[in-house]
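**Student:** Below are the structure tokens for one structure; questions will follow.
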Amino acid sequence: MPESPCLNDLGAHLGLPVEGDGSFAIAGVAGLECAGPADLSFVRSRRYAARLSGSRAGALIAPPGVHVGDRPVLRSHDPGLDFSRAVRWFQPEALVPAGIHPTAVIAEGAQIDPSASIGAHCAIAPAVSVGPRSVLYAGVTLYEGVSIGSDCRIHAGCVLREATTLGDRVVLHPNAVLGADGFAYLGDGGGGLAKVPQVGRVVVGDDVEIGAGTAIDRGTLGDTLIGHRTKIDNLVQVGHNCTIGEQVIIVAQVGLSGSTIVEDGAVILGQAGAAGHLTIGAGAIVGPQSGLHKDVAAGTRVLGNPQQEGRGFYRNMAALGRVRGLLRRVRAIERRLGMNAGDDEPGRS
């Protein structure tokens, strides 16, 4: 990025046409509501154009046809995506120098690429490998046999237990735990519980991002699998032997019981939960706080607890909104007929 970036520089980087003063000097990037006269902001679509009148932003990224007044603008068919690229260009991720912090504990036999960075107080067990340009921030713990690919970012406090395997360009946010024992117990015949040994692994593909405080359990015998380019939010629980496909999105506080299969491109929204041994089909969307007790077909949308097909859920919610009026009509009919049914119902309207 040039020392004093202007809109022309950014347009060339993003491959977007500039309208107006291309020499506009970009001092920062911000949302419409808080941007100042030297900042770049964006308008996602015509729906948000009304907010421009109250914005002080000096330059914009906006769709073709959206009037922005006399401000210079980069025209984009996907302003949200291009603005995020602009933010990355304007505020690039800080480079972490290679090397091993003197407080890190590295077991004999661990293989650390010379271009990798190992932060303060990391603990690395035998037979671990850390690939080129990967970064372990402070306090990361890697159990025996962990393998980390190239260009990964493992943030502070993460724990990767035995034989966990990460592909390339994986990001783990603080305090994620991969490879803990799955929750598996059997009755021991004497009224107690016997723990089932968990000897599988967690295997994560390339370009996966896993949020803070998320826990992904190892397989009981086989592996728990996370496919390429999948994104998992904070505070998600993935049980033992789950198989998560490619480009799946899992939002915060989702819980997947053991052996759940989530096929490619599915989206699971916040606080949804799935009973074990279910399949969520490719491209399916599971609504927030949904409770899954059976499979979800590919390409469908389900909501509610217990789950309902999308259109049926909305019809039922609309019907519930009419129940009070229906009860009033029924009671009026009962009074006209000289009936007293329902008088013993507490709190009736």
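**Student:** May I ask you to list the residues in the range 208-257 that are assigned to a strand (DSSP E or B), surrounded by fewer than 24 Cβ atoms within 10 Å (Cβ to Cβ) and not small (Gly, Ala, Ser)? Steps first, answer last, please.
**Tutor:** Let us first name the residues in the range 208-257 that are assigned to a strand (DSSP E or B), namely 209-210, 215-217, 224-226, 231-232, 237-238, 243-244, 249-250, 255-256.
Add one more test, that the residue is surrounded by fewer than 24 Cβ atoms within 10 Å (Cβ to Cβ), and what stays is 209, 215, 225, 231, 237, 243, 249, 255.
Matches in the range 208-257: 209, 225, 231, 237, 243, 249.
**Student:** Looking at 28, 54, 15, which is the one that is assigned by TED's automatic domain parsing to the domain that holds residue 76, out of contact with any Gly (no Cβ under 7 Å at 6 or more places or on another chain), touching a residue at least 60 places away in the same chain (Cβ under 8 Å) and not aliphatic (A, V, I, L, M)?
**Tutor:** On the way: 54 fails: touching a residue at least 60 places away in the same chain (Cβ under 8 Å); 15 fails: touching a residue at least 60 places away in the same chain (Cβ under 8 Å).
Residue meeting the stated conditions: 28.
**Student:** Can you name the residue in the range 93-125 that is out of contact with any strand residue (DSSP E or B) (no Cβ under 8 Å at 6 or more places or on another chain) and among the hydroxyl-bearing types (Ser, Thr, Tyr) and is also surrounded by the fewest Cβ atoms within 10 Å (Cβ to Cβ) among such residues?
**Tutor:** Selected residue: 103.
**Student:** Please work out which residue is farthest from residue 66 (Cα to Cα), limiting yourself to the range 79-92 and to residues that are surrounded by fewer than 18 Cβ atoms within 10 Å (Cβ to Cβ) and of a type outside the set (D, E, K, R).
**Tutor:** The extreme case among them is 92.
**Student:** If you go through the range 277-331, how many residues are part of a strand (DSSP E or B) and out of contact with any strand residue (DSSP E or B) (no Cβ under 9 Å at 6 or more places or on another chain)? Show your work before the answer.
**Tutor:** Step one: filter the range 277-331 for residues part of a strand (DSSP E or B), giving 279-280, 285-286, 291-292, 296, 301-303, 308-309.
Narrowing further to those that are out of contact with any strand residue (DSSP E or B) (no Cβ under 9 Å at 6 or more places or on another chain): none.
Looking only at that region, the number is 0.
**Student:** Just checking, does the range 270-293 include any residue being farther than 22 Å from residue 159 by Cβ, buried (at least 22 other Cβ atoms within 10 Å of the Cβ) and within 15 Å of the chain's Cα centre (by Cα)?
**Tutor:** Yes, some residue in the range 270-293 is farther than 22 Å from residue 159 by Cβ, buried (at least 22 other Cβ atoms within 10 Å of the Cβ) and within 15 Å of the chain's Cα centre (by Cα).
**Student:** Let me ask something else about it. Which condition does residue 142 not pass, out of (1) surrounded by fewer than 19 Cβ atoms within 10 Å (Cβ to Cβ); (2) out of contact with any Gly (no Cβ under 9 Å at 6 or more places or on another chain); (3) not assigned by TED's automatic domain parsing to the domain that holds residue 251, if it passes all the others?
**Tutor:** (1)
**Student:** Still on this structure, please answer the following. State whether one or more residues within the range 191-200 are of a type in the set (S, T, N, Q) and closer than 16 Å to residue 234 by Cβ. So that I can check it myself, show each step before the final result.
**Tutor:** Pass one, the range 191-200, residues of a type in the set (S, T, N, Q): 198.
Now restrict to residues that are closer than 16 Å to residue 234 by Cβ: none.
No.
**Student:** Answer yes or no as to whether residue 170 is under 27 Å from residue 241 (Cβ atoms) and among the β-branched types (Val, Ile, Thr).
**Tutor:** On the way: under 27 Å from residue 241 (Cβ atoms): yes; among the β-branched types (Val, Ile, Thr): yes.
Criteria met by residue 170.
**Student:** Only residues in the range 70-98 that are touching a residue at least 60 places away in the same chain (Cβ under 8 Å) count as the first member; pair them with residues that are polar (S, T, N, Q) and surrounded by 11 or more Cβ atoms within 10 Å (Cβ to Cβ), Cβ under 9 angstrom, at least 6 apart or cross-chain, and list the lot.
**Tutor:** 72/23; 82/76
**Student:** State whether the residues of the range 99-111 include one that is touching a Phe, Trp or Tyr at 6+ places or on another chain (Cβ under 7 Å) and not assigned by TED's automatic domain parsing to the domain that holds residue 32. So that I can check it myself, show each step before the final result.
**Tutor:** Taking the range 99-111 and keeping what is touching a Phe, Trp or Tyr at 6+ places or on another chain (Cβ under 7 Å), we get none.
Within the range 99-111, not a single residue is touching a Phe, Trp or Tyr at 6+ places or on another chain (Cβ under 7 Å) and not assigned by TED's automatic domain parsing to the domain that holds residue 32.
**Student:** Are any of the residues in the range 316-338 touching a Lys or Arg at 6+ places or on another chain (Cβ under 8 Å), farther than 27 Å from residue 183 by Cβ and acidic (Asp, Glu)? Show your work before the answer.
**Tutor:** Restricting attention to the range 316-338, the residues satisfying the condition of being touching a Lys or Arg at 6+ places or on another chain (Cβ under 8 Å) are 327, 331.
Retained after the next criterion (residues that are farther than 27 Å from residue 183 by Cβ): 327, 331.
Filter once more, keeping what is acidic (Asp, Glu): none.
No, the range 316-338 contains no residue that is touching a Lys or Arg at 6+ places or on another chain (Cβ under 8 Å), farther than 27 Å from residue 183 by Cβ and acidic (Asp, Glu).
The values are calculated or read from the model by the stated rules, or taken from the named source; none is laboratory data. Being a predicted model, the structure only gives us computed values, none of them experimental. Using ideal geometry, Cβ is built from the backbone for each residue, glycine included, and neighbour counts are taken over all protein chains shown.
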